[in-house]
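The values are calculated or read from the model by the stated rules, or taken from the named source; none is laboratory data. Because the structure is a prediction, the values reported are computed rather than measured. Positions of Cβ are backbone-derived with ideal geometry, glycine not excepted, and every protein chain shown enters the neighbour counts. Just the protein is used for accessible areas: all its heavy atoms, side chains included, with ligands, DNA and RNA removed. Shrake-Rupley method; radii C 1.70, N 1.55, O 1.52, S 1.80 Å.
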Amino acid sequence: MDLVDTRWDGIGPGSLVIVPVGSTEQHGLHLPFDTDTLIAEAVARGVAGQMPPGTTVLAPSVAYGASGEHQDFPGTASIGTEVLTAVLIELGRSIGTWADRTVFVNGHGGNLEALTAAVDRLRFEGRDVDWVPCVPPGGDAHAGRAETSLLLHLHPSRVTPDRAAAGPVDRIEALLPELRERGVRAVSPNGVLGDPRGASAAEGRHLLERMIAEAARRIRREPRGRG
């Protein structure tokens, strides 16, 4: 069930709450700023649909993340790691007063430090909280073929394929030192890390199915005990 569409008396005991976490950051000239959020939402909704009826609540997304590496591109809106950590901690505490378990589904790599810190803190406080990534298997780093395929499947009207252009296609490990020091624009003037050419809705559907299956597999486990 969607949290925003239900009422307080429709939320039963023992609920699992899934919170998509994304970002508002540039994704080249062919994808929208909320690409990571849209993908996290799709994975979260798919996972919720695989859980037993009436047990899972899909919460609204956290649409701003830690995107400082993209700040040289106009339009990027980042709240940074420290603030994102605090937001996730407070959400986990609040949701934990009425739900048994909270899982954050993350769509942006820059959020990892905040998610790890927030989940560690919430677990220390005795709460059953976890996070899972939604990373396209074998995908390129940013706004490349994988994310473009996913958006062509999910929201084709929001993709402008005629503006799609390749950026550096090196493995992310090779790019990380300069990315961390100088940001994405120093490495890729068009904001793309990878090559979106050849993307397709069919490939996006296949990737999404695999991402949902992997996230659901991670979530289906014995809950962490309190205390």
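Here is the figure for the range 64-82: residues that are under 17 Å from the mean Cα position of the chain (by Cα), open to solvent by 40 Å² or more (accessible area, probe 1.4 Å) and of a type outside the set (Asp, Glu) total 5. Is it the case, given these coordinates, that VAL135 is open to solvent by 80 Å² or more (accessible area, probe 1.4 Å) and closer than 16 Å to ALA44 by Cβ? When the stated conditions are applied, VAL135 passes them.
Only residues that are farther than 13 Å from ALA141 by Cβ, among the aliphatic types (A, V, I, L, M) and under 21 Å from the mean Cα position of the chain (by Cα) were counted across the range 154-179, and they come to 2. Every test in (1) open to solvent by less than 50 Å² (accessible area, probe 1.4 Å); (2) assigned to a loop (DSSP other than H, G, I, E, B); (3) under 24 Å from SER15 (Cβ atoms) is passed by LEU115 save one, and that test is (2).
ILE212 meets all of the listed conditions (1) over 20 Å from GLY107 (Cα atoms); (2) β-branched (Val, Ile, Thr); (3) modelled with pLDDT of 95 or more but one, namely (1).
Residues of the range 142-170 that are open to solvent by less than 50 Å² (accessible area, probe 1.4 Å) and not aliphatic (A, V, I, L, M): HIS142, GLY144, GLU147, THR148, SER149, GLY167, PRO168. Within the range 72-101, residues that are of a type in the set (Asp, Glu) reach partners that are open to solvent by 60 Å² or more (accessible area, probe 1.4 Å) and assigned to a helix (DSSP H, G or I) with beta carbons closer than 7 Å, at six or more positions or on different chains, in the pairs ASP72/ARG185. Residues of the range 6-52 that are at pLDDT 95 or above and open to solvent by 40 Å² or more (accessible area, probe 1.4 Å): LEU29, PHE33, ASP34, GLU41, ARG45.
Within the range 55-62, can one find any residue that is open to solvent by 10 Å² or more (accessible area, probe 1.4 Å) and among the polar types (S, T, N, Q)? There is at least one residue in the range 55-62 that is open to solvent by 10 Å² or more (accessible area, probe 1.4 Å) and among the polar types (S, T, N, Q). Count of the range 22-70 residues, restricted to those that are in a strand (DSSP E or B) and touching a strand residue (DSSP E or B) at 6+ places or on another chain (Cβ under 6 Å), is 5. Taking the numbered list (1) in a helix (DSSP H, G or I); (2) at pLDDT 95 or above; (3) open to solvent by less than 50 Å² (accessible area, probe 1.4 Å) in turn, PHE104 passes all entries but (1).
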